[in-house]
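Enquirer: Before I ask anything, let me first share the structure, which is written out below as structure tokens.
The values are calculated or read from the model by the stated rules, or taken from the named source; none is laboratory data. Predicted, not measured: the structure shown is a model, and the values here were computed from it. Cβ placement follows ideal geometry from the backbone for every residue including glycine, while neighbour counts extend to all protein chains displayed. Accessible surface is based on the protein model in full, side chains and every heavy atom, while ligands, DNA and RNA are left aside. Shrake-Rupley method; radii C 1.70, N 1.55, O 1.52, S 1.80 Å.
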There are 4 protein chains.
Amino acid sequence: MNLIISGTNRNRSNSLKVARFYQKQLEKKGAEFDILSLEDLPANIAHTDLYGNRSEDFALIQEKISAAKLFVFIIPEYNGSYPGILKLFIDACAYPTSFHHKKAALVGVSSGKYGNIRGVDHFTGVCNYMRMHILPLKIHIPLIQNELDDAEDFHDPLSLKFIEEQIEEIIRF
Amino acid sequence: MNLIISGTNRNRSNSLKVARFYQKQLEKKGAEFDILSLEDLPANIAHTDLYGNRSEDFALIQEKISAAKLFVFIIPEYNGSYPGILKLFIDACAYPTSFHHKKAALVGVSSGKYGNIRGVDHFTGVCNYMRMHILPLKIHIPLIQNELDDAEDFHDPLSLKFIEEQIEEIIRF
Amino acid sequence: MNLIISGTNRNRSNSLKVARFYQKQLEKKGAEFDILSLEDLPANIAHTDLYGNRSEDFALIQEKISAAKLFVFIIPEYNGSYPGILKLFIDACAYPTSFHHKKAALVGVSSGKYGNIRGVDHFTGVCNYMRMHILPLKIHIPLIQNELDDAEDFHDPLSLKFIEEQIEEIIRF
Amino acid sequence: MNLIISGTNRNRSNSLKVARFYQKQLEKKGAEFDILSLEDLPANIAHTDLYGNRSEDFALIQEKISAAKLFVFIIPEYNGSYPGILKLFIDACAYPTSFHHKKAALVGVSSGKYGNIRGVDHFTGVCNYMRMHILPLKIHIPLIQNELDDAEDFHDPLSLKFIEEQIEEIIRF
């Protein structure tokens, strides 16, 4: 099953809401994706799953990663780039089987004005290094707190238009 | 006390050896630095010290960070950029008191050929975002496993020359 | 004399208007800057002033560059980054006397939503490579066409606040 | 016809030699590419072909760009990134017909130690912005002056191995 990765372990994050929105929209077009939220990482991943170690909890996550061929990463902006926990998760994944020659689409999310341009660019560099194909159309959602309504849908027509276009490209990727 | 940060929690890392080398060289010039190794982070930092939480263990580390005015970051290359644990550590530090209007010098380290150019560039973006002044002269040490001798000194004259130049600039920064 | 560089050779550019605004604001604080507009580059600079060649026209520009110690670069967004003409200008300048160990502040400008985050980041990489100190506080002005009024002043209070803060830091840099 | 673009207007550049080597290797695998050397740009391109202007000379180049679906960019390192002339060329090309939804492979070249990692990363950002698919496997050739022999062939077995791998991926891209 392909995966949407919600790129933070913060509880009740906007990123997870965006992940659910993408899942729903992709499903409408007939594309099934599971969601992997980084909330579900082992609490002590920094010690149990780096440098050749592997916990039972992460082993189950690794199976999902290894099985997926196409990823959507939802990437919030922390200190001007992607969250440390997202890169730590990448560093914990088996290399090269996790991402080599696979495909990913990237979605930047921020509470500020710029939609995590820098974090998405940095993450592109990491993904390309791991030999992952990146969809050129990257979506940047600034002021995320204003974007999602109570039903966790986007209501801004311009945001919806860009997301729709990216979703079409994800399906044909 | 100013700080040299060894940017990985891997045991017996080359980054920590490089940190010790910098500490020794800086001391020869009369500049005292403590070393903070990311090995000493709480094992479950991803749950205890993000999003407004603070553990007792990290509180002691935070005190050192808050007191320092000048940092040297030793940054190994993991998956083509800086380690996730390094950014997670940054995300855990108090904002903006930790790094705002302070200064840092950056040292890239890799076992491969390129000395972590990309990771040091990405980290520059994060540091500048946090309003930290970055020393323009950044050192990139490729093939680190060949660089350090048994006494944990650098023996390559060209590497030594660049490190020496950076250390002079750190002292005057 | 220190220099504000308007980073495009487009006629009647918004970047030049921003350059004039910065000049006026800096002068109010007692800091004198000349403006160098890339409109004034030789038409055939790509052939006359690269790879060791030097035209008489550029020689006069080079004198100004060599004399300045502090620069403000106004950087519009072209194709998602800085203009080619700006990097070509840098490539034409004498190395290392032009920028080595000097200082610069960066201002991104775009007609789109993101204020040239990427272009300013890329230019930071180039400047640091040339050993230039970059002011961490970088200003990003999106939707520039809406920002400047007929008197070529900024009227948005939030933009003015950030510009004011950067100008204070430029003066103390 | 698909195109290999030699990313500098410097005469007798190593980039053009690398372009010819790639052309030869691709031809051996049955893939025909023309070479476009930036030496052939109009001398005053900065005035004749930006901001909606178009010279007769560039119109012929534009036709080739518009016809190509797949590009290989050979990118030398100037001042720590790609050459200004390469970005100026991109800025001069018609948008979006030139590169939108097309594909490119990137090759960094430097006389120094790092093979233009930074320039290739920056150029990836520009290409992705223009919605161009970038082959994740990017080749970085440091110390280019030592790499090419008199017959303009690469002789280092490791360089040859990586180039070979990239060429296989270009053909299947």
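Enquirer: With the requirement that a residue be closer than 17 Å to C:ASN14 by Cβ and among the β-branched types (Val, Ile, Thr), what does segment C:35-70 give you?
Expert: Correct list: C:ILE35 only.
Enquirer: Condition test on D:SER81, is it surrounded by fewer than 21 Cβ atoms within 10 Å (Cβ to Cβ), under 30 Å from D:ASN53 (Cα atoms), touching a helix residue (DSSP H, G or I) at 6+ places or on another chain (Cβ under 6 Å) and modelled with pLDDT of 95 or more?
Expert: No, not satisfied.
Enquirer: Hey, any hits in segment B:10-18 for a residue that's more than 12 Å from chain A (Cβ to nearest Cβ), closer than 27 Å to A:GLY119 by Cα, of a type in the set (Lys, Arg) and open to solvent by 10 Å² or more (accessible area, probe 1.4 Å)?
Expert: Within segment B:10-18, none of the residues are more than 12 Å from chain A (Cβ to nearest Cβ), closer than 27 Å to A:GLY119 by Cα, of a type in the set (Lys, Arg) and open to solvent by 10 Å² or more (accessible area, probe 1.4 Å).
Enquirer: Output the number of residues of segment C:109-127 satisfying the condition of being more than 10 Å from chain A (Cβ to nearest Cβ) and in contact with a helix residue (DSSP H, G or I) (Cβ under 6 Å, 6 or more places away or on another chain).
Expert: 3
Enquirer: Sticking with this one: So is D:LEU135 more than 14 Å from chain C (Cβ to nearest Cβ) and under 25 Å from D:THR97 (Cβ atoms) or not?
Expert: Judged against the criteria, D:LEU135 is a match.
Enquirer: Anything in segment D:57-81 that is closer than 19 Å to C:GLY80 by Cα and touching a Pro at 6+ places or on another chain (Cβ under 8 Å)? List them, or say none.
Expert: Selection gives D:ILE75 alone.
Enquirer: Then there is this: Which of (1) open to solvent by less than 20 Å² (accessible area, probe 1.4 Å); (2) under 19 Å from C:THR8 (Cα atoms); (3) more than 7 Å from chain C (Cβ to nearest Cβ) is the odd one out, the single condition D:PHE73 does not satisfy?
Expert: Going through (1) open to solvent by less than 20 Å² (accessible area, probe 1.4 Å); (2) under 19 Å from C:THR8 (Cα atoms); (3) more than 7 Å from chain C (Cβ to nearest Cβ) one by one, D:PHE73 breaks only (2).
Enquirer: Further, regarding this structure: Of all residues in segment B:125-172, how many are within 16 Å of the chain's Cα centre (by Cα), surrounded by fewer than 20 Cβ atoms within 10 Å (Cβ to Cβ) and modelled with pLDDT under 95?
Expert: Summing the residues that are within 16 Å of the chain's Cα centre (by Cα), surrounded by fewer than 20 Cβ atoms within 10 Å (Cβ to Cβ) and modelled with pLDDT under 95 in segment B:125-172 gives 0.
Enquirer: Still on this model: What are the residues in segment D:27-56 that are out of contact with any Pro (no Cβ under 7 Å at 6 or more places or on another chain), hydroxyl-bearing (Ser, Thr, Tyr) and surrounded by fewer than 19 Cβ atoms within 10 Å (Cβ to Cβ), if any?
Expert: In the first step, residues of segment D:27-56 are kept if they are out of contact with any Pro (no Cβ under 7 Å at 6 or more places or on another chain); the result is D:27-47, D:50-54, D:56.
Pick out the ones that are also hydroxyl-bearing (Ser, Thr, Tyr) and you get D:37, D:51.
If the condition is that a residue be out of contact with any Pro (no Cβ under 7 Å at 6 or more places or on another chain), hydroxyl-bearing (Ser, Thr, Tyr) and surrounded by fewer than 19 Cβ atoms within 10 Å (Cβ to Cβ), then D:TYR51 is the only one that fits.
Enquirer: Counting residues that are in contact (Cβ under 8 Å) with a residue 60 or more places away in the chain and within 28 Å of C:LEU143 (Cα to Cα), which helices (runs of 4 or more DSSP H) fully inside segment C:1-68 reach at least 2? Talk me through it step by step, then tell me what you get.
Expert: Details: elements: C:14-28, C:45-48, C:56-67.
Here the list reads C:14-28.
Enquirer: Yes or no: D:PRO83 touching a Lys or Arg at 6+ places or on another chain (Cβ under 8 Å), touching a residue at least 60 places away in the same chain (Cβ under 8 Å) and within 12 Å of chain C (Cβ to nearest Cβ)? Explain how you work it out, then say what you get.
Expert: On the way: touching a Lys or Arg at 6+ places or on another chain (Cβ under 8 Å): yes; touching a residue at least 60 places away in the same chain (Cβ under 8 Å): yes; within 12 Å of chain C (Cβ to nearest Cβ): yes.
Criteria met by D:PRO83.
Enquirer: When residues of segment A:99-152 are filtered for being among the aromatic types (Phe, Trp, Tyr) and assigned to a strand (DSSP E or B), how many remain? Steps first, please.
Expert: Going residue by residue through segment A:99-152, those that are among the aromatic types (Phe, Trp, Tyr) are A:99, A:114, A:123, A:129.
Those left that are additionally assigned to a strand (DSSP E or B): none.
Qualifying residue count for the region: 0.
Enquirer: Looking only at segment A:57-68, how many residues end up being within 25 Å of A:ARG131 (Cβ to Cβ) and surrounded by 12 or more Cβ atoms within 10 Å (Cβ to Cβ)?
Expert: Of the residues in segment A:57-68, 7 are within 25 Å of A:ARG131 (Cβ to Cβ) and surrounded by 12 or more Cβ atoms within 10 Å (Cβ to Cβ).
Enquirer: (1) more than 26 Å from B:ALA92 (Cα to Cα); (2) more than 10 Å from every other protein chain (Cβ to nearest Cβ); (3) in contact (Cβ under 8 Å) with a residue 12 or more places away in the chain: which one isn't true of A:TYR95, the others all being true?
Expert: Single failed check for A:TYR95: (2).
Enquirer: Let me ask something else. Run B:VAL72 past the list (1) within 12 Å of the chain's Cα centre (by Cα); (2) assigned to a helix (DSSP H, G or I) and report the number of the one that doesn't hold.
Expert: That leaves (2) as the condition not met.
Enquirer: Further question on the same structure: Six or more apart or on different chains, Cβ under 9 Å: which pairs go from a residue in segment B:151-173 that's more than 16 Å from B:LYS138 (Cβ to Cβ) to one that's of a type in the set (S, T, N, Q) and outside any loop (DSSP other than H, G, I, E, B)? Could you list them?
Expert: Cβ pairs passing all conditions: B:ASP156/B:ASN146.
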